[in-house]
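Here the structure is laid out as structure tokens; the discussion comes afterwards.
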Amino acid sequence: MTSIRKIRTITQIGGFILFLLAPPLNIFRYDLNLGHFILFGHHWTMRLDAFQHSDNNTFDAALHVLFFGLLPILLIAVTFIGIAWRYGRLYCGWLCPHFSVVETINKLMVRASGKPSFWSRRLPEKQADGSILAPNKNYWPATYLVAILFAFVWALSLLSYLLPPFEIYSNLLNGALSRNQSLFLLVATTLFSIDFIFARHLFCRFGCAVGLFQSLAWMSNRKAMVVHFDSRRAATCKQCNNACDNVCPMRLQARSMKRKMFSCTECGECISACIEVQGGVRDKSLLDWVAGEAAKQCSEPPASMPVTFYPDKARS
Ligand code: SF4
Ligand code: SF4
């Protein structure tokens, strides 16, 4: 396993655990009963009723809303977009709990059918590291089971973001969920199952506002970090079965120019694949991240056309 994959596995597991534990640990949640957010154990409320008896109530209340409402939200949004402007969709590829599900189910589907989704072409059995992965139908039950299990966990976690988490978990364990809680879990599990089984990467590409705004910020910065293809050595790719394209969870062609990589999540899977093809030596990889002036070149068509531009290239 490449060091990129090792580190990303750790951050993705950490991101998923945080997603599950943020409500019960009161790190972040919105309590529908209380009508306000809870952030790091503190009740994040405007407390506007305190200004009703003040002489200067309108001005004081406006200042309060500005400093305790709008400014913190603006600060978080600017920081998030600033990271995306400089590094791309790092959040998606390295932390997002949805993307972890996308990749896990992709891998199971490849095992079951040789295709990462129902809508993809069949991938070559030869992997980047030279091993052979033949499809095995016995993986289908595990694929569906994991997808539905993830859907339920997601539904349960989302409910705990809205209602007191310990009440939800205790009701679940004691079989005492209210009618509305049960209905929420049933509908959300069904919808997430459909997403996870049929449309998971399509949601990341076209349906997620968090991903879209990161992509827009990233595209606006020509010097932002980007996966760069060393087109001077494009001939090397003739020995390869497009391993970098085969592993991309977003079905992108990593050797393309930046404007064709709008939804790149900076996951580095393409880089890891090329490192494996080159015998595990990162310096020999034709793909790696660049930033600054070098990144500007990725906005231009390569001088030497990579093999990816010939879609009929034989894949074995
Ligand atoms: S192009 Fe590479 S870094 Fe971007 S999403 Fe695909 S595999 Fe990940
Ligand atoms: S860039 Fe690397 S992984 Fe991609 S086709 Fe060329 S040699 Fe293969």
Quiz item: within 12 Å of ligand 2 (Cβ to nearest atom), among the basic types (K, R) and not assigned by TED's automatic domain parsing to the domain that holds P124 - does that describe any residue in segment 247-262?
Solution: yes
Practice problem: Within segment 110-139, track down each residue that is surrounded by 21 or more Cβ atoms within 10 Å (Cβ to Cβ) and either among the basic types (K, R) or in a helix (DSSP H, G or I) (or both). | Solution: V110
Exercise. Read through the list (1) more than 10 Å from ligand 1 (Cβ to nearest atom); (2) modelled with pLDDT of 90 or more; (3) in a loop (DSSP other than H, G, I, E, B); (4) surrounded by 14 or more Cβ atoms within 10 Å (Cβ to Cβ), then give the number of the only condition that P302 fails.
Key: (2)
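Do we find that I197 is within 23 Å of the chain's Cα centre (by Cα) and under 25 Å from C264 (Cα atoms) in this structure? Outline the logic, then answer.
Working: within 23 Å of the chain's Cα centre (by Cα): yes; under 25 Å from C264 (Cα atoms): yes.
So I197 passes the test.
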Exercise. Could you figure out which of (1) touching a Lys or Arg at 6+ places or on another chain (Cβ under 9 Å); (2) of a type outside the set (V, I, T); (3) within 23 Å of G292 (Cβ to Cβ); (4) at pLDDT 95 or above isn't true of S231?
Key: (4)
Self-check item: Top-ranked residue in segment 197-232 [being among the basic types (K, R) and touching a helix residue (DSSP H, G or I) at 6+ places or on another chain (Cβ under 9 Å); ranked as surrounded by the most Cβ atoms within 10 Å (Cβ to Cβ)]
Solution: R200
Practice problem: Please name all residue pairs, on different chains or six or more residues apart, with Cβ atoms under 6 Å, provided the first residue is in segment 239-253 and is under 12 Å from D129 (Cα atoms) and the second residue is more than 8 Å from ligand 1 (Cβ to nearest atom) and assigned to a loop (DSSP other than H, G, I, E, B). | Solution: N241/P124; N241/R315; N241/S316; A243/A128
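When only residues in segment 219-234 that are out of contact with any strand residue (DSSP E or B) (no Cβ under 8 Å at 6 or more places or on another chain) and touching a residue at least 60 places away in the same chain (Cβ under 8 Å) count, which is nearest to ligand 2 (Cβ to nearest atom)? So that I can check it myself, show each step before the final result.
Within segment 219-234, the subset out of contact with any strand residue (DSSP E or B) (no Cβ under 8 Å at 6 or more places or on another chain) is 219-224, 231-234.
Pick out the ones that are also touching a residue at least 60 places away in the same chain (Cβ under 8 Å) and you get 220-224, 231-232, 234.
Numbers: S220: 27, N221: 24, R222: 22, K223: 23, A224: 21, S231: 10, R232: 12, A234: 7 Å.
Among those that are out of contact with any strand residue (DSSP E or B) (no Cβ under 8 Å at 6 or more places or on another chain) and touching a residue at least 60 places away in the same chain (Cβ under 8 Å), it is A234.
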Exercise. Kindly check whether there is at least one residue in segment 21-29 that is part of a strand (DSSP E or B) and not assigned by TED's automatic domain parsing to the domain that holds T265.
Key: yes
Self-check item: A243 vs. criteria touching a Leu at 6+ places or on another chain (Cβ under 9 Å) and over 21 Å from C92 (Cα atoms)
Solution: no
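The values are calculated or read from the model by the stated rules, or taken from the named source; none is laboratory data. Nothing here was measured: the structure is a model prediction, and the numbers come from that model. Neighbour counts run over all protein chains shown; Cβ positions are idealised from the backbone, glycine included.
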